[in-house]
1. Kirkwood Rh over alpha-carbon pairs of region 58-190, then Stokes-Einstein at 37 °C and 0.692 mPa s: what D in µm² s⁻¹, rounded to an integer?
2. Report, in degrees rounded to the nearest 10, the 0 to 90 angle that the Cα long axis of helix 165-199 makes with the longest principal axis of the chain.
3. For region 239-291, just say rounded, prolate or oblate: build the C-alpha gyration tensor, square-root its eigenvalues into a ≥ b ≥ c, call rounded for a/c under 1.5, and beyond that prolate if a/b exceeds b/c, oblate if not.
4. On the protein heavy atoms, probe 1.4 angstrom, tell me the percent of accessible surface of the chain carried by carbon and sulfur.
5. Which label belongs to the value computed from this structure, given these candidates for Cα Rg over 2.2 N^0.38 Å: [x] 1.10; [y] 1.02; [z] 1.24?
6. Please give, to one decimal in nm, the separation of the simple spin-label points placed at Leu60 and Met1, each 7 Å out from Cα toward the Cβ.
7. FRET efficiency for Leu73 and Tyr149, Cβ-Cβ distance as r, R0 = 35 Å, nearest 0.05?
8. Compute for region 32-78: radius of gyration divided by Kirkwood radius, i.e. Rg/Rh, restricted to C-alpha atoms, rounded to two decimals.
Amino acid sequence: MALTLLGASVLVFAMVRLVPGTVVEQLLGQAAVASPEVLASFRHFFGLDQPLHVQYGAWLLGVLRGDLGTSWLSGRPVLALFGERLPVSAELAFLAVAWSLVVGLPLGTASAVWRGGLRDGAIRILATLGLSLPAFWQGTVLILLFSVYLGWMPSLQWTPFMRDPVANLATMALPALTLGTATAAVITRMSRSSMLDVLGREYVRTARAKGLPEARVTFHHALRNALIPVVTVAGVQLGYIVGGIVVVEDVFTLPGVGRLLLDAIFQRDYPVVQGVILLLATIFMALNLIVDLCYAVLDPRLRRG
């Protein structure tokens, strides 16, 4: 994880500087006329006149001390800005994962049980459609349909959960639906494939031969053993959810980490961009570690090993 984070820090430091323009042009305006002395003084103030390896070394030393830097525009620590926006993004990610599991697991299991029938075909078509829809297009269509035309959903006005839980969940419903659709489709397809493999095993046939109810055979004997590949896929999909937060929060104007990152990129606020992406990479790797540890809960053979 340490080596991966080091590589991520090098990539984000280099790539953000490939974007044309700097914070100096953002502050002075793209069309502003300034003397070379003024431009030089601004570049010196932000440390942009130093060689890139010196800038990276100074930032990396700060990261190792737990200091991700200070926003060039707001003057506030990056960690404080991230902490303020994190609850919104965490709630959105949690709701998206919950909706994808609640929908994906039952549909995948049902598709495997109904293999080869019309219901199986309908579920597979829905899963393929869910994978094909871009998040920004789906979010825009949902806003137009449910908020503008039908008026069923509230306006895109963020309300904290502790202030009004009902209004908060109503506002988060469409973003969570948009963010979790692709993950639900992947879990559906993976659940179906894994269940088909498990349902053909000898211990499942033995359980049926003993006269156990089909529901007990499916959910107690087959589903638990089929969950290990599904958990693996779900863990990988968490990374896509973390990345998709940026697009979904921008479409639905949610004040989360994604909007913070996007605004920082537009404003060339390098410390915020570098710090936020590094923190998101850390969260992604921590989630994958948790998924790996969950294998031992699902598979007793790993605990004995």
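1. Values: Rh = 17.5 Å.
Answer from the Stokes-Einstein relation: 187 µm²/s.
2. Compared with the principal axis, the helix lies near 50 degrees.
3. Details: a/c = 3.20, a/b = 1.40, b/c = 2.29.
Note, shape of region 239-291 comes out oblate.
4. Values: 11540 of 16760 Å².
Reported share for carbon and sulfur atoms: 69 percent.
5. Only one listed value fits the structure, namely [z].
6. Computed distance between label sites Leu60 and Met1 equals 2.0 nm.
7. Numbers: r = 38 Å, r/R0 = 1.08.
So, using R0 = 35 Å, E works out to roughly 0.40.
8. Numbers: Rg = 12.9 Å, Rh = 12.1 Å.
In region 32-78, Rg relative to Rh is 1.07.
The values are calculated or read from the model by the stated rules, or taken from the named source; none is laboratory data. If you're wondering where the values come from, they're calculated on a predicted model, not measured in any experiment. With ideal geometry, Cβ positions are generated from the backbone for all residues, glycine too; neighbour counts draw on all protein chains shown. Keep in mind that these areas ignore ligands, DNA and RNA; they rest on the heavy atoms of the full protein, side chains included. Shrake-Rupley method; radii C 1.70, N 1.55, O 1.52, S 1.80 Å.
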